[in-house]
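The values are calculated or read from the model by the stated rules, or taken from the named source; none is laboratory data. Just so it is clear, the structure is predicted and the values come from calculations on it, not from any experiment. So basically every Cβ, Gly included, is an ideal-geometry build from the backbone, and we count neighbours across all protein chains shown.
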Ligand code: OAD
C-alpha cells in the first residue's frame with residue numbers, strides 16, 4: 001500500500017470556523033504572541049495563559065470537521081495515510097483519520113509542569129490555577145509555545161522520508177521546524193500544496209500547487225488520487 005504523508009496547518013480548519021493565525025483577523029492579530037504563547041507569558045501571568053487556551057478549547061466544542069478533513073479520511077480506502085498536523089484542534093480525529101501526529105500539542109490535553117511525560121486528557125473544558133498533576137505541580141496546556149522545542153519533530157521527519165506522496169494543506173509555512181519538513185521528502189515523489197495563498201516554492205520538484213480552499217480542492221484531489229491508484 002502506498003504511503004501518503006500530509007502536513008496540515010490552520011487553513012484546513014478555517015472552514016470549520018476556527019481562526020487561522022496569520023490571515024487578517026487571525027489569532028495573532030488579536031493577541032500578542034508573547035502575552036499568551038510563550039514560557040515567559042506563563043511565568044508572568046499563568047491565569048491569562050490558561051484563560052486564552054480555555055477559550056480556544058471551548059470553541060472546539062462548537063465546531064465540526066469540514067469536507068477537507070473528511071476528504072483525507074477517504075484516502076484511507078486505498079492508502080496508508082499519515083497526517084502530521086500543526087493544529088491543536090482534534091478535527092482530523094473527529095473526522096475519522098486514524099493516524100494523526102500533533103506537532104504543536106493538543107488543546108484537549110494538559111501536562112505537568114515538572115514532568116513533561118505526565119500528559120492528561122482533559123475531561124472538561126477548563127484548566128484552572130490549582131489543577132495539579134499526580135506529583136503535585138500545576139498543570140499547563142499541552143501546547144508547544146514559542147521558544148520551546150518541538151519534541152515530535154524527529155518522528156515527523158522520519159515519517160516524511162518514507163512518503164510515496166506528500167501533501168501540504170493550509171499552512172503559511174513560516175513556522176520552523178514544521179516548515180522545513182518538505183525538504184526531507186524524496187525528490188521524485190508527487191507533492192501537492194493546497195492553500196489559497198500558497199507561495200511559490202523553489203527547489204522542490206514534482207510539486208503541484210492548488211491555490212484554492214481545502215474544502216474546494218481536496219474532494220477533487222482525493223477523487224483523482226483514488227482513481228489513479
Ligand atoms: P497560519 O495562520 O500561519 O497560516 C494559515 C494558512 O491557511 C494561510 O497560508 C492561509 O492562506 C491558509 N488558509 C486560509 N483559509 C484556508 C482554507 N479554507 N483552505 C486552505 N488553506 C487556507 O497557520 P499555520 O501555518 O498553521 O503554532 O501556523 C503555524 C503555527 O503558527 C501554528 O501551529 C501555531 C502558530 O503560531 C503554535 O501554536 C505553536
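Only residues that are within 16 Å of residue 88 (Cα to Cα) and surrounded by 18 or more Cβ atoms within 10 Å (Cβ to Cβ): list them for region 16-48, please.
Listed by number, the residues that qualify are 16, 18, 20, 21, 27, 36, 37.
Out of 151, 141, I need the residue that is within 18 Å of residue 38 (Cα to Cα) and surrounded by 20 or more Cβ atoms within 10 Å (Cβ to Cβ). Which one?
Just a single option satisfies the conditions, and that option is 141.
Select from region 1-17 the residues that are more than 10 Å from the ligand (Cβ to nearest atom) and assigned to a loop (DSSP other than H, G, I, E, B) and write down the one among them that is nearest to residue 69 (Cα to Cα). Even if it seems obvious, please write down each step before you answer.
Let us first name the residues in region 1-17 that are more than 10 Å from the ligand (Cβ to nearest atom), namely 1-6, 17.
Applying the additional criterion that residues be assigned to a loop (DSSP other than H, G, I, E, B) yields 1-2, 17.
Working: 1: 21, 2: 20, 17: 13 Å.
The selected residue is 17.
Could you list all residues from region 201-211 that are part of a loop (DSSP other than H, G, I, E, B) and in contact with a helix residue (DSSP H, G or I) (Cβ under 9 Å, 6 or more places away or on another chain)?
201, 203, 204, 211
Given the criterion in contact (Cβ under 8 Å) with a residue 40 or more places away in the chain, more than 16 Å from the ligand (Cβ to nearest atom) and surrounded by 12 or more Cβ atoms within 10 Å (Cβ to Cβ), identify the matching residue among 178, 214, 156, 163.
163
Within region 22-31, does at least one residue satisfy the condition of being closer than 17 Å to residue 108 by Cβ and within 12 Å of the ligand (Cβ to nearest atom)?
Looking for residues that are closer than 17 Å to residue 108 by Cβ and within 12 Å of the ligand (Cβ to nearest atom), one finds none in region 22-31, hence no.
Taking the options 129, 65, 141, name whichever one is over 16 Å from residue 218 (Cβ atoms) and within 16 Å of the ligand (Cβ to nearest atom).
So the residue among 129, 65, 141 that is over 16 Å from residue 218 (Cβ atoms) and within 16 Å of the ligand (Cβ to nearest atom) is 141.
Any residue that is over 18 Å from residue 73 (Cβ atoms), surrounded by 12 or more Cβ atoms within 10 Å (Cβ to Cβ), at pLDDT below 95 and more than 12 Å from the ligand (Cβ to nearest atom) - is there at least one of those in region 190-204?
The answer is yes, given that some residue of region 190-204 is over 18 Å from residue 73 (Cβ atoms), surrounded by 12 or more Cβ atoms within 10 Å (Cβ to Cβ), at pLDDT below 95 and more than 12 Å from the ligand (Cβ to nearest atom).
Out of (1) more than 14 Å from the ligand (Cβ to nearest atom); (2) closer than 22 Å to residue 37 by Cβ; (3) touching a strand residue (DSSP E or B) at 6+ places or on another chain (Cβ under 8 Å), the odd one out for residue 115 is which?
Tallying (1) more than 14 Å from the ligand (Cβ to nearest atom); (2) closer than 22 Å to residue 37 by Cβ; (3) touching a strand residue (DSSP E or B) at 6+ places or on another chain (Cβ under 8 Å), residue 115 fails exactly one: (3).
For residue 115, indicate whether it is modelled with pLDDT of 95 or more and surrounded by fewer than 16 Cβ atoms within 10 Å (Cβ to Cβ).
Answer is yes for this residue.
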